[in-house]
Amino acid sequence: MYLAENTFKTVIASTPLISIDLVVRNAKQQILLGYRNNRPAQGYWFVPGGRIYKNESMDAAFLRLTEQELGVKVERSHAAFLGPFEHFYEDYVFGAETSTHYVVLGYELILDLDIAHLPQQQHSQYQWFDRQDLLNRKDVHKHSKWYLEQSE
């Protein structure tokens, strides 16, 4: 269910959001990141993903998010579950006056995608990163790094 802006503001101010993040690797073991257009994490490289809507199953959300973020529908059963994560931000999608708290379900996918044709709603550009380069960069958000640091 898509929420009206005022309702969504109240939800963000009152409760954690539940989301799915997608750690996408290609055949070279590079990780896909997009450069964030929107708050929170605006101006950072970040893994694709998004929130789960009310009355939307995790399987349906996974299909929707892979299509919206990657341009291809992928079943959740084709991904490896990385575990739950918590992301805390000092801002939110509408500005800096409210913080955001996400409970994130991390999943890993192996896909060779043509980044020139990826949707650009949440991200203005995409890039494949080698693991060590990603971990060393200051413009890669710490929450995206966590998924890789966990697997060390």
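Couple of notes before you dig in:
- Remark: pairs (first residue in the range 31-45, over 16 Å from GLU108 (Cβ atoms); second residue open to solvent by less than 40 Å² (accessible area, probe 1.4 Å) and of a type in the set (A, V, I, L, M); Cβ separation under 7 Å; 6+ apart in sequence or on different chains) = TYR44/VAL140; TRP45/LEU33; TRP45/VAL140.
- In the range 101-123, residue farthest from VAL72 (Cα to Cα) [restricted to those that are under 14 Å from the mean Cα position of the chain (by Cα), outside any loop (DSSP other than H, G, I, E, B) and not aliphatic (A, V, I, L, M)]: HIS101
- Some residue of the range 70-80 being open to solvent by 20 Å² or more (accessible area, probe 1.4 Å), assigned to a strand (DSSP E or B), more than 25 Å from ASP139 (Cβ to Cβ) and among the hydrophobic types (A, V, I, L, M, F, W, C): yes
- Scanning the range 135-144 for residues being part of a helix (DSSP H, G or I), under 20 Å from ASN37 (Cβ atoms) and open to solvent by less than 30 Å² (accessible area, probe 1.4 Å) gives a total of 2.
- Residue match in the range 39-48 (condition: open to solvent by 50 Å² or more (accessible area, probe 1.4 Å) and at pLDDT below 95): yes
- Residue that is surrounded by fewer than 18 Cβ atoms within 10 Å (Cβ to Cβ) and over 22 Å from HIS78 (Cα atoms), where the choices are GLN132, GLN150: GLN132
- Complete set of residues in the range 71-94 that are basic (Lys, Arg) and either out of contact with any strand residue (DSSP E or B) (no Cβ under 8 Å at 6 or more places or on another chain) or at positive phi (or both): LYS73
The values are calculated or read from the model by the stated rules, or taken from the named source; none is laboratory data. Small disclaimer: the values here were computed from a predicted structure and weren't measured. Glycine gets a Cβ as well: all are built from the backbone with ideal geometry, and neighbour counts include every protein chain shown. Calculation scope for accessible area: heavy atoms of the full protein, side chains included, ligands and nucleic acids excluded. Shrake-Rupley method; radii C 1.70, N 1.55, O 1.52, S 1.80 Å.
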